[in-house]
Amino acid sequence: MRYTSDIEPPDQTTRNVAFFIALMATAVALGGALAHALELPNKIALPREHYLIVQHIYDGWNQLAYVLAVQLTALLTLIWLYWRETRVARFVVLALVALIAAQIVFWMFTYPANVATGQWTVLPENWQQLRTQWEYSHLAGALFQLLAMTSLVVAVLRRR
């Protein structure tokens, strides 16, 4: 595609680095999300005491927020770099929408369960409902992160 403005198009190295960062951040985010999804069948029926113990394997996982910030920044950068190449940009936008959807699910369902349980240090009477909410919201988030990764891979393949 020919650029008609006075602004120089970004060079290929810049674009490659941006895609590399976006793909790596999305892969790391997807790894954490898939870990939650894959453990669901083994955790969903655990008795109260065991579930509370097992939940502590996630202590410190809030540090993944930094990866999500890098993922968001990289996706926005890619949209900016490819905004004129819609065959690429539309899939990067889809990846961004998937990331946003994963975050909406987290803040609407996962985070409230974390708060209600004191980050899984106490189990209130409705702990089973909170467990179901927490586990399945992570499954939904994993599916959205998988969509983000898939969209980015398609975007890379659609570059000229």
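Do we find a residue being farther than 21 Å from L143 by Cα, in contact with a helix residue (DSSP H, G or I) (Cβ under 9 Å, 6 or more places away or on another chain) and of a type in the set (F, W, Y) anywhere in region 56-66?
no
Here is a yes/no grid of residues against (1) open to solvent by 60 Å² or more (accessible area, probe 1.4 Å); (2) within 14 Å of Y51 (Cβ to Cβ); (3) not charged (D, E, K, R):
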| site | (1), (2), (3) |
| --- | --- |
| V105 | no, no, yes |
| P112 | no, no, yes |
| V115 | yes, no, yes |
| P124 | no, yes, yes |
| Q128 | yes, yes, yes |
| G141 | no, no, yes |
| F144 | yes, no, yes |
| S151 | no, no, yes |
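Determine which single condition D6 fails, assuming it passes every other condition in (1) in a loop (DSSP other than H, G, I, E, B); (2) at pLDDT below 95; (3) open to solvent by less than 70 Å² (accessible area, probe 1.4 Å).
All conditions are met except number (3).
Against the condition outside any helix (DSSP H, G or I) and either polar (S, T, N, Q) or open to solvent by less than 90 Å² (accessible area, probe 1.4 Å) (or both), how does G32 come out, does it pass? Walk me through it before giving the result.
On the way: outside any helix (DSSP H, G or I): no; either polar (S, T, N, Q) or open to solvent by less than 90 Å² (accessible area, probe 1.4 Å) (or both): yes.
It is false that G32 is outside any helix (DSSP H, G or I) and either polar (S, T, N, Q) or open to solvent by less than 90 Å² (accessible area, probe 1.4 Å) (or both).
Among the numbered conditions (1) under 15 Å from W134 (Cα atoms); (2) open to solvent by less than 80 Å² (accessible area, probe 1.4 Å), tell me where T14 comes up short.
That leaves (1) as the condition not met.
Could you tell me how many of the residues in region 97-131 are without any contact (Cβ under 8 Å) to a residue 40 or more places away in the chain and within 30 Å of V154 (Cα to Cα)?
10
Tell me, please, whether a residue that is closer than 30 Å to D11 by Cβ and under 10 Å from the mean Cα position of the chain (by Cα) can be found in region 121-142. Don't jump to the end; show me each part of the working.
Within region 121-142, the first condition is being closer than 30 Å to D11 by Cβ, and the residues that meet it are none.
There is no residue in region 121-142 that is closer than 30 Å to D11 by Cβ and under 10 Å from the mean Cα position of the chain (by Cα).
Restricting the search to region 110-160, which residues are in contact with a helix residue (DSSP H, G or I) (Cβ under 8 Å, 6 or more places away or on another chain), part of a helix (DSSP H, G or I) and of a type in the set (F, W, Y)?
W127, W134, Y136, F144
With respect to R48, is the statement that it is touching a residue at least 40 places away in the same chain (Cβ under 8 Å), closer than 26 Å to E135 by Cβ, loosely packed, with under 15 Cβ neighbours inside 10 Å and not aromatic (F, W, Y) true?
On the way: touching a residue at least 40 places away in the same chain (Cβ under 8 Å): yes; closer than 26 Å to E135 by Cβ: yes; loosely packed, with under 15 Cβ neighbours inside 10 Å: yes; not aromatic (F, W, Y): yes.
Here the answer is yes, as R48 does meet what is asked.
The values are calculated or read from the model by the stated rules, or taken from the named source; none is laboratory data. Values in this document were obtained by computation on a predicted structure and should not be read as measured data. Positions of Cβ are backbone-derived with ideal geometry, glycine not excepted, and every protein chain shown enters the neighbour counts. Areas reflect the complete protein model, heavy atoms only, side chains present, ligands, DNA and RNA absent. Shrake-Rupley method; radii C 1.70, N 1.55, O 1.52, S 1.80 Å.
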